[in-house]
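Beneath this line is the structure, given in structure tokens, with notes to follow.
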Amino acid sequence: MSRPTPARPVRKPAFDASAEASAPTTSGERPDATWRAHLVWLRTRLRSRFSADLADDLAQETYLRLVGRAVDAPVENPRGLLMTVATNLARDVFRRDRVRADYAARAPQAYAPTDAAHHTAEDDFQVREAIRSLPPKLRDVLLLSKIGGLTNREIAQRYGLSVRAIDKRLQQAVTLFVARLRD
């Protein structure tokens, strides 16, 4: 005769996210005291690896990612989950910084304000002359659009023309203006 095996006690996970997320408090907020305790640990761990500002940003972003996610199953190791998400976010930050640095190295003229800051009176004169030399129809459309800030539809209504006609005039005006500046 076999002896009945005693029922094993069911081991509860250290943190049950589904129970935590579904238990409302009196104020209507989701309780997150457990997450806060782990975030203190996470912030301490991240500060040992990164600057204090980056560590705080990563901890906050990690918290937001995990609080906003759909909970399918209880989290058995919340610290492991927090650290994994934070590490992946850090990789994203460093990858983004590397891409920006590569782009800046390849296109330094885009970040050099020296050309725009050092225009001269001669440059101003050339721009004015290029605008004055445009045919009146083109000059008016260019000035209303670029200086006056009107939309092509507003300019079309003002002149009683179609938006397409204004588009063509504006394109011609810009093309002639650039060509005259290059001369």
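The numbers here are math on the coordinates, done by the rules we state, and not lab data. Only a predicted model underlies this, so the values are computations on that prediction, with no experimental measurement involved. Cβ: placed from backbone, ideal geometry, glycine included. Neighbour counts: every protein chain shown.
Observations on the structure shown:
- Sequence ranges 132-141, 156-165, ranked by mean other-Cβ count within 10 angstrom, highest first: 132-141, 156-165
- Treating r as the C-beta distance of VAL67 and ARG95 and R0 as 35 Å, the FRET efficiency rounds to 0.90.
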